[in-house]
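A quick write-up on the structure given underneath.
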Amino acid sequence: MTIETDRRTLMAGAGALVAAAGAASSALAQARSTTVFPPVADWLKMTTDSEGVTRFAIDVAVIGNSDTIDPSGRIGPKDSKDFFNIDLRGDTFQVEGAVYPGGTFAMPTVPVAGRPGVPKSVHNTETWDFTRTKPSGHWLSRGWVLINGQAEPNRDKKGTIVEQRRTEPHLLTEHNYVFGRFDEGNLSPEMLVSSGMDDTNDADTETNIRAILGGTGRFRFARGQVTKTRIGRNTTILRTFADFGDAFSPNYRFAFELKL
Amino acid sequence: MTAEPLPLPATANPDGSFTIVVDMAVLGHTDAADDSGRIGQRNTQKYFGIDVRGDSYFVEGLLYPGGSIPSPKVPTRMSVNPNAPAKLNNEQVWDFTGAKPIGHLFNRGWVLINGQAEPNRDTRGTIVETTRTAPHLNSTHNFVLGMLGPGSLSPPMLVTAGVENGNDPDDEMVVRAVTGGTGPFRFANGQVRQQRIGRNSTILRTFSSYADVFAPNYRFIFTLKL
């Protein structure tokens with residue numbers, strides 16, 4: 001039988017048992033048969049419908065300072081920052097974000113200029129400056145770049161065109177949504193993991209649907225998908241675009257649809 | 001089963017699962033390996049004589065309906081290992097003109113090959129690991145079941161995890177875990193059998209120091225509960 005408990009209960013229980021003379025072996029036996037659950041993130045406003053589908057949303061502000069890219073496996077020229085005119089595939093990256101309850105960020109409404117050559121977008125509006133509330137969790141994203149911006153099509157040995165320029169979606173990633181703040185006493189908050197593609201060339205129509213791969217705590221048996229949309233930008237600057245001046249980091253809303 | 005239409009034909013099985021078959025041709029020119037984390041010597045393509053672990057890679061493929069790519073018939077040798085016997089699945093059976101693709105495969109992961117002859121020992125001299133040259137890769141696959149383009153940036157998807165590629169293409173079959181999906185596959189559980197089906201007319205970048213190492217094709221047979 002599996003006993004469900006949270007980490008604090010387990011530690012207290014284990015401590016008492018160890019203190020009791022002669023009981024150490026039974027404490028170990030209990031520890032082996034106990035599933036440890038992280039603290040429940042009670043700020044997640046989950047609803048479950050009659051078909052057993054659970055829904056909730058979170059907001060994420062990408063922290064531009066954490067944007068790290070590695071071009072060492074890139075197909076195109078490794079020292080170039082002309083990202084939309086070369087084959088960037090082979091680049092890897094890692095970036096973090098701050099997680100807030102869904103609805104924390106205001107939806108922008110006024111189109112604002114962004115990257116040169118790209119139409120104005122309401123999602124270039126700066127909607128978050130990190131001062132209004134503390135984050136509730138962490139977002140960890142890593143993966144590979146999908147952009148092939150080279151104008152010349154790729155051909156096979158016989159000269160047949162097998163692939164054309166493709167500048168979106170930008171990324172192939174895995175996300176960890178960590179529903180609690182890391183500290184020395186909380187290294188494993190509840191979590192969900194997703195896989196899919198990220199980011200497009202038109203932020204105003206950008207919707208990415210990603211697969212849920214698994215989770216922990218209440219989400220340990222989760223299946224489902226998550227829909228990611230843009231919701232303006234924040235006051236941090238993406239390291240990858242540092243040469244372009246004030247490339248403010250995006251914010252996202254993630255709407256989860258799960259069977260638990 | 002979901003009431004939503006599936007992007008590919010599905011066959012119902014007696015246990016309530018469904019079988020879906022997809023063929024895939026690897027695009028050799030997208031084969032992007034990164035040896036910067038490699039344990040063994042860098043800047044060499046003699047992968048089976050060194051410890052290649054630490055290499056990461058990314059590669060794409062084009063998806064076709066199951067059965068699109070014909071089975072090979074002629075045993076063929078490869079320049080990368082000219083002394084090895086000719087193998088059926090080294091024959092070039094696909095040149096991208098026979099059908100239009102229906103989607104993309106995005107594959108990335110790490111290399112598992114430890115080809116060094118000398119075993120690895122612990123601090124007391126005990127052998128803890130010997131040469132292992134198969135399987136070659138530990139990977140995640142995203143099967144994007146629609147062609148990406150303006151207005152089509154999130155087609156239905158399946159995601160799998162597992163190992164792949166052996167040293168004998170005629171005796172190579174792996175079974176991988178389905179870890180998730182989107183659209184009609186958003187609650188999917190199951191597994192996928194991956195087997196070789198000849199080679200195509202693109203050339204693998206990671207074997208560029210050998211002559212014409214054509215990229216492989218695969219057939220994926222999914223067994224899913226939706």
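Read-outs: derived from the displayed coordinates by stated rules, not from any lab. Since the structure is predicted, the reported quantities are computational estimates derived from the model, not experimental observations. Neighbour counts are summed over all protein chains in view; Cβ atoms, including those assigned to glycine, are modelled from backbone coordinates with ideal geometry.
For chain A, treating each Cα as an identical point scatterer without solvent, what Debye log10 I(q)/I(0) comes out at q = 0.09, 0.11, 0.17 1/Å?
-0.51, -0.71, -1.31
Where in chain A lies the longest segment free of GluC sites (Glu not before Pro) that are both loop residues by DSSP (not H, G, I, E, B) and have at most 10 other Cβ atoms within 10 Å?
A:52-183
Compactness ratio of the protein assembly as shown: Cα Rg over 2.2 N^0.38 Å, N = residue count?
Scaled against compact globular proteins, the figure is 1.05.
Under a Cβ-Cβ cut-off of 9 Å, what is the net charge of the residues other than B:PRO150 that fall near it, where Lys and Arg count +1 and Asp and Glu count -1?
My count for the surroundings of B:PRO150 gives -2.
Of the chymotrypsin sites (Phe, Trp or Tyr not before Pro) in the stretch A:158-260, which ones lie in a loop per DSSP and count no more than 16 other C-beta atoms within 10 Å?
Sites meeting the loop and neighbour criteria: A:PHE182, A:PHE221.
With each pseudo-label sitting 7 Å past Cα toward Cβ, what's the A:ASP49-B:ARG193 distance in nm, one decimal?
With each label point 7 Å from Cα toward Cβ, the separation is 3.6 nm.
Given labels modelled 7 Å from the Cα in the Cβ direction, how far is it in nm from A:ARG165 to B:ALA12?
4.8 nm
Net charge near B:LEU88, counting Lys/Arg +1 and Asp/Glu -1 over other residues with Cβ under 12 Å of its Cβ?
Taking every Cβ under 12 Å from that of B:LEU88, the sum is 0.
Of the cross-linked pairs A:LYS158/B:LYS46; A:LYS78/B:LYS87; A:LYS120/A:LYS259, which ones have a Cα-Cα span greater than 32 Å in the structure shown?
Over 32 Å Cα-Cα: A:LYS78/B:LYS87; A:LYS120/A:LYS259.
Would you mind calculating the relative contact order of chain B from Cα pairs under 8 angstrom and at least 6 residues apart, reporting the percent as a whole number?
Averaging sequence separation for qualifying contacts and normalising by length gives 25 percent for chain B.
Extension gain B:GLU129-B:VAL174, at 0.36 nm per residue separation less the Cα-Cα distance, in nm?
13.9 nm
Taking 0.36 nm per residue of sequence separation and subtracting the Cα-Cα distance, how much length would be gained by fully extending the chain between A:ARG181 and A:LYS120, in nm to one decimal?
Here the answer is 18.5 nm.
In angstroms, what radius of gyration and Dmax does the stretch B:11-225 have, counting Cα atoms only?
Looking at the stretch B:11-225, its Cα Rg and Dmax stand at 18.2, 61 Å.
Compactness ratio of the stretch A:56-194: Cα Rg over 2.2 N^0.38 Å, N = residue count?
The reported ratio for this selection is 1.29.
With an 8 Å cut-off on Cα pairs and a minimum separation of 6 or more residues, tell me the relative contact order of the stretch A:162-260 in percent.
21 percent
At a Cα cut-off below 13 Å, give the aspartates and glutamates reachable from A:LYS157, other chains included and same-chain residues fewer than 8 away excluded.
The qualifying aspartates and glutamates are B:ASP95, B:ASP212.
Using only Cα positions of the stretch A:99-153, each an equal point scatterer, no hydration layer, compute I(q)/I(0) via Debye at q = 0.26, 0.31 Å⁻¹ and quote the log10 values to two decimals.
Debye curve over Cα of the stretch A:99-153, log10 I(q)/I(0) at q = 0.26, 0.31 Å⁻¹: -1.04, -1.13.
Could you tally the net charge around B:GLY54, taking each other residue with its Cβ under 14 Å from the Cβ of B:GLY54, Lys/Arg +1 and Asp/Glu -1?
-2
Kindly express, to the nearest 10 degrees and within the range 0 to 90, the angle between helix A:7-19's C-alpha long axis and the longest C-alpha principal axis of chain A.
40 degrees
If exposed means no more than 14 neighbouring beta carbons inside 10 Å and the site is in a DSSP loop, what's the longest run of chain B without any exposed trypsin sites (Lys or Arg not before Pro)?
Counting at most 14 other Cβ atoms within 10 Å as exposed, the longest clean stretch of chain B is B:125-226.
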